[in-house]
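Chemist: This is the structure I want to talk about, given as C-alpha cells.
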Amino acid sequence: MFGFRYLKTRPADYVLLYRGGKVRKQGAGLSFLYFAPSASLVLVPADSRDAPFIFQETLKDFQTVDIQGQVTYRVQDPTRLASMLDFTVDPTGRPLGDGLEKLQLRLTNQVQVTLREKIRSFVLREALSAGPELVEFVKGRLSEEAVIQELGLSVLDFAILRVSPTPEMARALEATARENLLKEADDAIYQRRNFAVEQERGIKENELQTEIAVEEKQREIRETQMNAEIAVQEKQKLVEEARMEAKASVARKKMEMEKEELDSRTSLEEKRKELVAKESENRLQMARAEGQAMKLQLEGLAGLSPELLEVLAANQMDSRQLISKAMRDLARGADKIGNLNISPDLLDSLLNSGSSGFVQQQER
C-alpha cells in the first residue's frame, strides 16, 4: 500500500537493501518494511550449494574422456559477491539478475581449467584410475585460486563421480580387460588343476606311506603274535611234559599201590585159603568127633527096646509135641477108629502148636 513492502528472508539468505546508491540494510535472515519505488533488493544465497559439471578432455595419448563430478561451495563474503554479480530480486523475491547462473559457470570453468592442467599429463589407462589424485590436486588448487577469492567463495568439497572413455574405447578396453580376465581365469584354472594334481599326488603318496606303515605294523603284529604263540606253545609243552610226568608218577604210584594191594590180596587169599583149609579140617575133625560120639551113643542105645526109647524121647518133648505125636499115632490107626470128635479149641491149639513147631523146626 502506497509503495511500502514487507520483506522476510530465510536465515540462509544474505539480503542487502540499496537506496540512493548506498547500502541501507544488510544481514542474513532479515525482515523489514521498505519503500519499493526507491529501493533495490539484493539477495545473495549464503548456504552451501553444489555445482555439478561434465565436460570432455583430451589426454596425453590423444584419447577423449568424459569427466563428471560436482563442487560444493559456500559464499564467504556476500558483499563482495554482490558487487561483482547481479543478485537483484523483485519485492516478491523472484531473481531479476543472472548472478547465480554466472557464479556456477565461472566456478565450473575454473574447475575445468584446473583439472585440464593435471589430466593432460595422463594416458587413457592412467586417467581412468586417477580420480583420487585429480580430486586432491583440484581441491588444493581451488582454495588458492585468485578468482575464487575475488568472488568471496569458499570451496567446501570437490568430487569426481566418473571418468569414462568414448564408447569405442570403452569396448576396446572392455575387450582387453575381458581377455585379460579370461587369461587370468585360465591361469587360475590351470593353477587350480595343477594344485589339485599336486594335492592328489600328495594324497596318493600319503596313502602309500600309510599303507606301508600299516603293513609294517601288521607285520610287527604278526611277528608279535607268532612269538606269543611260540611262547604259549613252549609253555603248553612244558605244562604237558609236567602233566605227563605227573601222570607217569601217578601211574607208577598206582602200579606200586596195585602191586602192593595185589601182593596183600595174594597174601590175604593165601591166608584165607589156609584159614578155610584149617576150618575145613577143624569141621571134619569135629564132624568125625560128633559122628564118633553119636556112634558111641547109638551103640549104647542099640540094646534098648523101642518102647523104652520112645519114653526117653517123650521126656524131652513139651505138651504140644506130645499132642502132635498123639494125633500122628491116631492117624496111623485111623482104619481102626470109628468116630473121632475134635473140639474147635483143641483144633486151634493143635494148629497153633503145629505152626509153632514148624517154625521151631525151620529155626533149627
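Chemist: I'd like the full set of residues that are more than 21 Å from Arg49 (Cα to Cα) and out of contact with any strand residue (DSSP E or B) (no Cβ under 8 Å at 6 or more places or on another chain), limited to region 1-36.
Modeler: Hits for region 1-36 are Met1, Phe2, Gly20, Gly21, Lys22.
Rundown of residues vs (1) at negative phi; (2) charged (D, E, K, R); (3) touching a strand residue (DSSP E or B) at 6+ places or on another chain (Cβ under 7 Å), yes/no style:
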position	(1), (2), (3)
Ser154	yes, no, yes
Arg162	yes, yes, yes
Leu173	yes, no, yes
Ala188	yes, no, no
Ile203	yes, no, no
Gln236	yes, no, no
Val250	yes, no, no
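Chemist: Let me ask something additional. From the list Leu151, Leu208, Leu182, which one is modelled with pLDDT under 90 and either under 55 Å from the mean Cα position of the chain (by Cα) or of a type in the set (Phe, Trp, Tyr) (or both)?
Modeler: Leu182
Chemist: Inspect region 42-54 for any residue being of a type in the set (Ser, Thr, Tyr) and either without any contact (Cβ under 8 Å) to a residue 12 or more places away in the chain or over 30 Å from Leu173 (Cα atoms) (or both) and give the result as yes or no.
Modeler: Within region 42-54, one or more residues are of a type in the set (Ser, Thr, Tyr) and either without any contact (Cβ under 8 Å) to a residue 12 or more places away in the chain or over 30 Å from Leu173 (Cα atoms) (or both).
Chemist: Here's something else I'd like to know. If I go through region 146-167 residue by residue, how many of them are over 15 Å from Thr114 (Cβ atoms) and assigned to a helix (DSSP H, G or I)?
Modeler: 2
Chemist: Quick check on region 1-28: of everything there that is of a type in the set (A, V, I, L, M, F, W, C) and assigned to a loop (DSSP other than H, G, I, E, B), which residue is surrounded by the fewest Cβ atoms within 10 Å (Cβ to Cβ)?
Modeler: Met1
Chemist: Name, by its number, the condition in (1) free of Cβ contacts under 8 Å to residues at least 24 places away in the same chain; (2) of a type in the set (A, V, I, L, M, F, W, C); (3) more than 23 Å from Leu16 (Cα to Cα) that does not hold for Val111.
Modeler: Only one criterion is unmet by Val111, namely (1).
Chemist: Follow-up. With respect to the numbered conditions (1) touching a helix residue (DSSP H, G or I) at 6+ places or on another chain (Cβ under 8 Å); (2) charged (D, E, K, R); (3) under 30 Å from Pro37 (Cβ atoms); (4) free of Cβ contacts under 8 Å to residues at least 40 places away in the same chain, which one is the sole condition not fulfilled by Arg80?
Modeler: It is condition (4) that Arg80 fails.
Chemist: I've got another one for you. In region 155-172, how many residues are without any contact (Cβ under 8 Å) to a residue 24 or more places away in the chain and under 15 Å from Ala127 (Cα atoms)?
Modeler: Looking only at that region, the number is 1.
The values are calculated or read from the model by the stated rules, or taken from the named source; none is laboratory data. Everything quoted here is computed from the prediction, not taken from an experiment. As a convention, Cβ positions derive from the backbone with ideal geometry for all residues, glycine included, and neighbour counts pool all protein chains shown.
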